[in-house]
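What follows is a short report on a single structure.
The values are calculated or read from the model by the stated rules, or taken from the named source; none is laboratory data. Small disclaimer: the values here were computed from a predicted structure and weren't measured. Please note: Cβ atoms are built from the backbone with ideal geometry, for glycine as well, and neighbour counts cover all protein chains shown.
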Amino acid sequence: MLASGSSAHTASRSASSYDWSASALGTPSAWPQPLRQAADLMFNTPLPMLLAWGEQPVVLCNDAYGALAGPGFGRAPGGSVPAMLPPPFSAAGDALARARGGEATCVPGVELNFGSGGERFDLYFTPIFSQPAGNGVAGAAGVLCALGAPSALSQAGQEPDTLSILVVEDNLDSQYLVCEMLKAFGYEADGVAHPDDALKHLAAHHYHVLFTDVSLPGMSGVDLARQAISTWPHLKVIFASGYGDMLLRHLDFPYQSLQKPYELDQLQDALGKVSGQLRTGA
């Protein structure tokens, strides 16, 4: 079942802006708090968004997604729809399954067809937990999916050898050499020495890879990566460390690491893995 709706409001919107009398969910005041919060976020966001809730999911969406799906899309909250997942969920089933398991994922450049020709989107899947994650909860109670404009890598005709990489290295000689080496390989590369500058660059430009030293002034590379991924979840992280992997144990996000001094072919191999991950949405 898919729930949507139209509203006369032009300002802020929430689940309470819609009539849910025909929906199996009932009145929003009785919804579980995580569902209510996720739905309010979705309805008050201009990006097309979907929300799947429950094991046999009820699928909610906002008006932006309804407009994108076209006139054949069910408009009444709780209205019946064909027994199939909406295109963003069916086109990225693996990512949806991982989000149901509790892992936030991004799939770049997915082509979706709503009956008027195909269009590419980056799909962002975020698990919604009925209880705080880590409290023995097995999987997520729901999944929030946002459709964003395709990133540079996912644009048609863009190959992975055009990866854009931000290098964070406080040794300026090493930073310069790494950036020049990456450019010689055919990548786009910028270098900064301080984590604060790295966050400014990430906010101002689109990067596919954060390649950072673990030991940095003011903030460790690990903390920098964690903060960056929380804001830009599509980022792939490669660490360079002279201390082995001791500081990288028990991280809650995927990464690769290179032991200093590393060989050029090791860096190439790491970037090759990143290209494959971005191509497949892994």
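Pairs meeting the criteria (first residue in the range 211-240 and farther than 22 Å from Gln268 by Cα, second residue part of a helix (DSSP H, G or I) and hydroxyl-bearing (Ser, Thr, Tyr), beta carbons under 9 Å, at least 6 apart or on different chains) are lacking. Against the list (1) touching a helix residue (DSSP H, G or I) at 6+ places or on another chain (Cβ under 6 Å); (2) modelled with pLDDT of 65 or more; (3) assigned to a loop (DSSP other than H, G, I, E, B), the condition Leu123 fails is (3). Filtering the range 35-70 to residues that are of a type in the set (Val, Ile, Thr), touching a helix residue (DSSP H, G or I) at 6+ places or on another chain (Cβ under 9 Å) and surrounded by 15 or more Cβ atoms within 10 Å (Cβ to Cβ) leaves only Val59.
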